[in-house]
Amino acid sequence: MNENYPELQGKTAIVTGASSGIGRATARLLAENGVRVGLVSRSQDLLDELSRTLPGSQAFPADMTKVPQIKRMVSRAKNYFGRIDILVNNAGQGYDAPVEKTETGTFRYIYDLNVIGPLVAMQQVISVMRAQGGGTIINISSGTALMHLPGMSAYSSSKRALAGISLAARQELAADRIVVSVVYPYITLTNFEKNTIRAVPVPEDKQEPTGPYPLDSAEFVAGKIAGGIVSGEAEIFSHDWMKERRPF
Ligand SMILES: NC(=O)c1ccc[n+]([C@@H]2O[C@H](COP(=O)([O-])OP(=O)(O)OC[C@H]3O[C@@H](n4cnc5c(N)ncnc54)[C@H](OP(=O)(O)O)[C@@H]3O)[C@@H](O)[C@H]2O)c1
């Protein structure tokens, strides 16, 4: 148990991408701190299994690229919990391709998942949170949004779009006491690399992530997310040195 966030006790949350990695660690950390968590991803079996280990949690399977499924998921979570205090937009996927080889269909899929899905989920919870008198929305961007990385233009630009939407929404919703924050994780040991779509095939033994600094655990990032929910900071960086990498 990791009960470091007493402010979270009794709240309700939706965590997307809860079947794996950062989302699963976040769902677990929130549940350990007394949050009733709606678990979202496409994998009902994994969500049901996780739900059995997290008291108060419930699976709400949805494909975050399908707008009707996102709307239904938020409505089901609202009906089940009675309120939605926290939305963690975490579901996402990588796409490695040089600009010349970027396929527009895959590009659109990545934007549907990394940008439009979180946007629609935000739109669905805003009215619920406004009626409640407030809430917290945390959008998981990426350190790549702060850099120009060859071979990652589609993914990094999608994460930069999500950060831009988050920080504009933060200002738009401040008067409604809805706090919107963006989290920039550094390279984190999850299934992310394995799940990244690649225009240029990489042999399996070369798919292990590497970086200039030691890689983070999903639990470390979950701690940053929980800390961000409590602090309400606009931008949460996994490491302070990431702030210096901003290209703008
Ligand atoms: N790992 C890193 O180095 C890193 C760094 C910076 C940012 N991030 C971001 O952190 C977030 C979490 O990634 P992770 O590292 O935990 O990766 P992961 O282990 O691959 O987990 C991705 C999660 O997203 C869900 N997902 C994927 N496609 C979906 C869809 N169409 N509909 C609903 N859910 C979907 C997956 O669930 P199902 O397959 O069950 O649907 C899974 O739960 C992502 O937004 C990623 O871009 C990761």
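The values are calculated or read from the model by the stated rules, or taken from the named source; none is laboratory data. None of the values given here were measured: they were computed from a predicted structure. No Cβ is skipped: glycine too gets one built from the backbone with ideal geometry, and neighbour counts run over all protein chains shown. Accessible surface is based on the protein model in full, side chains and every heavy atom, while ligands, DNA and RNA are left aside. Shrake-Rupley method; radii C 1.70, N 1.55, O 1.52, S 1.80 Å.
Computed values, structure above
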| item | result |
| --- | --- |
| So Val74, is it in contact (Cβ under 8 Å) with a residue 60 or more places away in the chain and in a helix (DSSP H, G or I) | yes |
| Qualifying residues in the range 126-181 (those that are of a type in the set (D, E, K, R), out of contact with any Asp or Glu (no Cβ under 7 Å at 6 or more places or on another chain) and more than 15 Å from Asp96 (Cβ to Cβ)) - the one nearest to the ligand (Cβ to nearest atom) | Arg160 |
| Residues being of a type in the set (S, T, N, Q), within 7 Å of the ligand (Cβ to nearest atom) and either open to solvent by 60 Å² or more (accessible area, probe 1.4 Å) or under 22 Å from Glu7 (Cβ atoms) (or both) - total across the range 182-231 | 2 |
| Residue within the range 11-22 that is assigned to a helix (DSSP H, G or I), polar (S, T, N, Q) and within 15 Å of the ligand (Cβ to nearest atom) present | no |
| Tyr111 vs. criteria open to solvent by 10 Å² or more (accessible area, probe 1.4 Å) and closer than 16 Å to Thr196 by Cβ | yes |
| Residues being modelled with pLDDT under 95 and assigned to a helix (DSSP H, G or I) - total across the range 147-192 | 0 |
| Output for the range 24-65, where each listed residue is surrounded by fewer than 17 Cβ atoms within 10 Å (Cβ to Cβ) and among the charged types (D, E, K, R) | Arg42, Asp45, Asp48, Glu49, Arg52 |
| Top-ranked residue of the range 24-51 - restricted to ones that are part of a helix (DSSP H, G or I) and under 15 Å from Ile137 (Cβ atoms), ranked as farthest from the ligand (Cβ to nearest atom) | Leu30 |
| Residues of the range 79-117 classified as under 21 Å from Leu29 (Cα atoms) and either among the basic types (Lys, Arg) or not in a loop (DSSP other than H, G, I, E, B) (or both), total | 7 |
| Lone qualifier among Thr26, Thr106, Thr65 - being of a type in the set (Ser, Thr, Tyr) and under 23 Å from Ile178 (Cα atoms) | Thr26 |
| All positions within the range 18-37 that are within 14 Å of the chain's Cα centre (by Cα) and among the acidic types (Asp, Glu) | none |
| Of all residues making up the range 181-215, the number that are touching a residue at least 60 places away in the same chain (Cβ under 8 Å) and closer than 15 Å to Gly92 by Cβ | 9 |
